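What follows is a set of notes on a single structure, which appears directly below.
The values are calculated or read from the model by the stated rules, or taken from the named source; none is laboratory data. Just so it is clear, the model here is predicted, and its values are computed rather than measured. Cβ atoms come from the backbone with ideal geometry, glycine included; neighbour counts cover every protein chain shown. In case anyone asks, the SASA skips ligands and DNA or RNA and just uses the protein heavy atoms, side chains included. Shrake-Rupley method; radii C 1.70, N 1.55, O 1.52, S 1.80 Å.
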Amino acid sequence: MNNNISMMRFRLIVMNFLQFAIWGTYLTSMGAYLTNIGLGENIGLFYAMQGVVSLFMPAIMGVIADRWVPAQKLLGVCQFLAAFFMILTGYYGYSSNPTEFGPLFTFYSLSVAFYMPTLALSNSVAYSSLDKVNLDPVVAFPPIRIFGTIGFICAMLLTDVLGFQRTYMQFFFCAFWGLLLGAYSFTLPNCAVSKSDSKKSLVDALGLRAFLLFKQKKMAIFFIFSMLLGVSLQITNGFANPFISSFEKIPEYANTFGVKHANMLISLSQVSETLCILLIPFFLKHFGIKRVMLIAMLAWVLRFGLFGLGNPGNGVWMFVFSMIVYGVAFDFFNISGSLFVNKETDLSIRSSAQGLFVIMTNGIGATVGTLGAQAVVNNFVDFNSETAQVAGWSQSWFVFSAYALVVAILFAIIFKYKHDKN
């Protein structure tokens, strides 16, 4: 049995490594590429598309995984399709000069439409596989999920080292990892689907049972605040790299490490994320989901505020501190929230419920967040200017920090949850 447990952990580690290596190749550097080809004012649209497709694709794929196709096979199919369209994205970036918004955006959108559901599907595969070897996901999953962040970091660093940070090559690199995981997914343990012959209601037939969780006050409030906090998720992914790189227009910062290797500096966020995942079981057990989520919200306040105050010279310590805080901001919300949903929902709708969580966070929340962030940034920052826009960037970060603070205060007042330490 111990060998089975060790092998299962290893297989899920590989899955998580590849899952997030795919994302790490472009998520923090695509903004720099778009700025480099003159599409800086559209960064928010590209990142918002991840949210738009998350409004419906995770739910659709979650229903399919619950009802008809085993989650691990559906994971493989989605990864293959996402990789195919990402190859087309890279090819268009390579073959066109100048690069037009329309075709690049279309191919990219089709790729993320199939990638975003895999975030929930991979969680479902992991939880199902851990159940097969009688391991508690709350305890066993976080150390496995760490390797997803390690994969993300490795891909980020390779994108930087290989010189892909401001080029279309990051999309080809993304497709490479996607094809690997697509093939690997078909070797993973089988996940059960519901094959009951009993007559089902329309809600059951369409797989919409997870949406009935909104009838429970506790879950409704949780999902609403997940959406509000999800607004913050993609802001630094889209704008941190262009922001730090913009300091190159100031002579005293032009040759600093951060400006030359923004991706490496930002990767400290994922290093922190890796370490903070290990804290989740302890914090959930001793403090409960409400306090853990509140800690995450306050961490977002610091994350944005420190960006607004720092610089890559004598203020680089504030950037570094912001990167460290990110681990708490992301993990204590995203991972803990997923585990909370897994605990509070019935097995028959678990994949659908995970899909609903992704819809509220990476769907509605991230869509509103990135489009809103783009509006804020465009108001304060002139992407066409040859002069440094540091003051405008700082004002933008302070707006984001103030928003996160308001959400934290409202959450502390409204969300009621009695934590049982046993």
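Figures for the structure shown
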quantity: Cross-chain or 6+ apart pairs with Cβ under 6 Å, region 89-112 first and open to solvent by less than 20 Å² (accessible area, probe 1.4 Å), then at pLDDT 95 or above and not in a helix (DSSP H, G or I); calculated: GLY90/TYR168; GLY93/TYR168
quantity: Search result, residues across region 142-153 that are at pLDDT 90 or above and more than 18 Å from TRP177 (Cα to Cα); calculated: ILE144
quantity: Filter result for the condition that a residue is farther than 27 Å from ASN241 by Cβ, touching a residue at least 24 places away in the same chain (Cβ under 8 Å) and under 16 Å from the mean Cα position of the chain (by Cα), over LEU339, LEU294, LEU284; calculated: LEU339
quantity: Exclusive hit being in contact (Cβ under 8 Å) with a residue 24 or more places away in the chain, more than 19 Å from the chain's Cα centre (by Cα) and open to solvent by less than 50 Å² (accessible area, probe 1.4 Å), set ALA373, ALA366, ALA412; calculated: ALA412
quantity: Residue tally, condition hydroxyl-bearing (Ser, Thr, Tyr) and surrounded by 15 or more Cβ atoms within 10 Å (Cβ to Cβ), over region 378-398; calculated: 2
quantity: VAL161 being in contact with a Pro (Cβ under 9 Å, 6 or more places away or on another chain) and open to solvent by 10 Å² or more (accessible area, probe 1.4 Å); calculated: no
quantity: Qualifying residue in region 318-327 (condition: within 20 Å of the chain's Cα centre (by Cα) and closer than 25 Å to VAL112 by Cα); calculated: yes
quantity: Considering residues of region 193-217 that are under 26 Å from the mean Cα position of the chain (by Cα) and modelled with pLDDT of 55 or more only, the residue surrounded by the fewest Cβ atoms within 10 Å (Cβ to Cβ); calculated: LEU212
quantity: Condition met for ILE22 (among the hydrophobic types (A, V, I, L, M, F, W, C) and surrounded by fewer than 18 Cβ atoms within 10 Å (Cβ to Cβ)); calculated: no
quantity: Residue in region 400-422 that is part of a helix (DSSP H, G or I), closer than 23 Å to LEU75 by Cβ and of a type outside the set (Ser, Thr, Tyr) present; calculated: no
quantity: Complete set of residues in region 67-86 that are under 23 Å from ASN190 (Cβ atoms) and open to solvent by 20 Å² or more (accessible area, probe 1.4 Å); calculated: ARG67, TRP68, VAL69, PRO70, LYS73, VAL77, PHE80, LEU81
quantity: Where ASN134 falls short, out of the listed (1) buried (at least 24 other Cβ atoms within 10 Å of the Cβ); (2) of a type in the set (S, T, N, Q); (3) closer than 27 Å to ILE289 by Cα; calculated: (1)
quantity: Residue match in region 36-52 (condition: more than 26 Å from THR159 (Cβ to Cβ), open to solvent by less than 50 Å² (accessible area, probe 1.4 Å) and either assigned to a helix (DSSP H, G or I) or at pLDDT 95 or above (or both)); calculated: no
